[in-house]
Structure formats: structure tokens, C-alpha cells
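This report concerns only the one structure given below.
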Amino acid sequence: MTRNSTEDVVRAATAAYLAGRPLDMSALAGELGLSRATLYRRIGNHDELVGMVLADQTERTFRFCLESVSAEGLDRVRAVFERFMYAVIGAEPLRAFITRDPLLFIRTVLAPGLVEQRATTLFAKLLADAGVDFAVPTGVLAQAIVRIGDSFMYTHLLGGHEPETDNVIALVNLLLDSASR
């Protein structure tokens with residue numbers, strides 16, 4: 001592996017994120033012994049690095065929730081989604097990040113990008129593994145679930161009310177029921 005590979009940069013940025021620190025590109029370059037130019041060549045821009053970190057954290061959280069559920073079929077999908085919602089809403093590093101830079105969060109998570117792609121891929125596989133025949137492709141259903149979850153979790157950032165987790169869980173359950181044949 002190359003010294004200070006993309007994975008190393010993401011790992012260092014993730015450590016800063018989990019510690020509640022902003023992702024400062026100059027500090028990160030210094031910590032890794034890279035010039036800022038090399039850092040940017042390695043990972044792209046600041047927003048892309050934030051997307052990589054949040055996508056990786058999304059996957060880690062999802063996999064933790066997945067491993068903690070023993071149910072099968074649609075019951076497994078429902079339980080994983082519920083645990084995932086509560087885990088994301090309760091994640092202190094994410095809450096600190098949202099408070100510190102809500103506009104960056106909106107650009108990174110609520111706009112199409114790496115975080116949405118990763119979450120959609122994970123949920124699509126979960127749906128495909130459920131052994132249920134859905135009326136729409138699992139990728140389409142997964143993206144709808146991710147977007148519905150996002151809209152309820154982060155509505156307060158867009159001028160709405162605080163997250164209503166029970167409502168989004170009920171709504172996704174209705175969607176799953178109506179999408180399954």
C-alpha cells in the first residue's frame with residue numbers, strides 16, 4: 001500500500017470526524033506529512049473527503065445494525081431500517097458536524113452523491129436478500145427508502161420540525177408492504 005494512500009487520508013479524516021473536530025485540510029496534510037497539493041490530488045476537494053468519511057460511517061453503522069438483527073425477510077429489512085435510523089440520529093459526531101456546518105452537511109448528504117449511493121447500495125442488497133418479490137426494482141425501492149429517511153431525519157435543517165423517527169419508520173413499513181407482491 002502506498003504511504004498515505006487515499007485510505008490513509010480517509011482514516012485520518014475519520015478520526016478527526018469521530019473526535020468532533022472539523023476536517024481541516026491543512027491540519028490533515030500536516031498530520032500525514034503531505035503537501036496540501038498532494039492531499040488534494042489524492043482525495044479531491046474538501047467536500048469529496050467529507051463525503052468519503054460520511055459514506056464510510058454510513059456503511060459501518062449499517063453493517064453494525066445488520067449484524068445485530070437475526071430476523072429474516074421483510075422483518076429483517078424493517079428491523080435494520082429502524083435500528084439504522086435511531087443509530088444515525090443518535091450519532092454524536094454527526095450531530096456535532098451538523099451543528100458546526102449544516103450547509104456542508106446538506107451538500108454532502110442531502111444532495112445526490114457518495115453518501116446516498118452507498119446507503120442505496122446497502123439497502124438494495126438488504127432488500128434483494130430478503131427473498132421478497134417487489135413491484136419495483138430493489139435499487140429504486142432502496143433509493144426511495146433512503147430519501148424518505150433523509151427527509152424525515154434532517155427536516156429541521158430545511159426549516160421543518162425535529163425528526164419524527166416513529167413516523168418515518170411507519171411510512172417505510174407502508175412502502176415495504178405496498179411494494180411487496
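General remarks:
- The stretch 163-181, residues that are among the polar types (S, T, N, Q) and out of contact with any Phe, Trp or Tyr (no Cβ under 9 Å at 6 or more places or on another chain): 178
- Test result for residue 50, within 25 Å of residue 167 (Cα to Cα) and not polar (S, T, N, Q): no
- Filtered by the rule that a residue be in contact (Cβ under 8 Å) with a residue 40 or more places away in the chain and over 27 Å from residue 100 (Cα atoms), the stretch 146-174 gives 169, 172, 173.
- Looking only at the stretch 74-114, and only at residues there that are of a type in the set (Gly, Ala, Ser) and under 14 Å from the mean Cα position of the chain (by Cα), the one that is farthest from residue 169 (Cα to Cα): 113
- Note on the stretch 115-125: residues that are buried (at least 19 other Cβ atoms within 10 Å of the Cβ) and under 13 Å from the mean Cα position of the chain (by Cα) amount to 7.
- In the stretch 159-173, the residues that are under 16 Å from residue 127 (Cα atoms) and either within 19 Å of the chain's Cα centre (by Cα) or loosely packed, with under 10 Cβ neighbours inside 10 Å (or both): 169, 172
Bear in mind that the values in this text are calculations on the coordinates, not laboratory data. All values derive from a computational prediction rather than experimental measurement. All Cβ positions, even for glycine, are placed from backbone atoms using ideal geometry, and neighbour counts span all protein chains on display.
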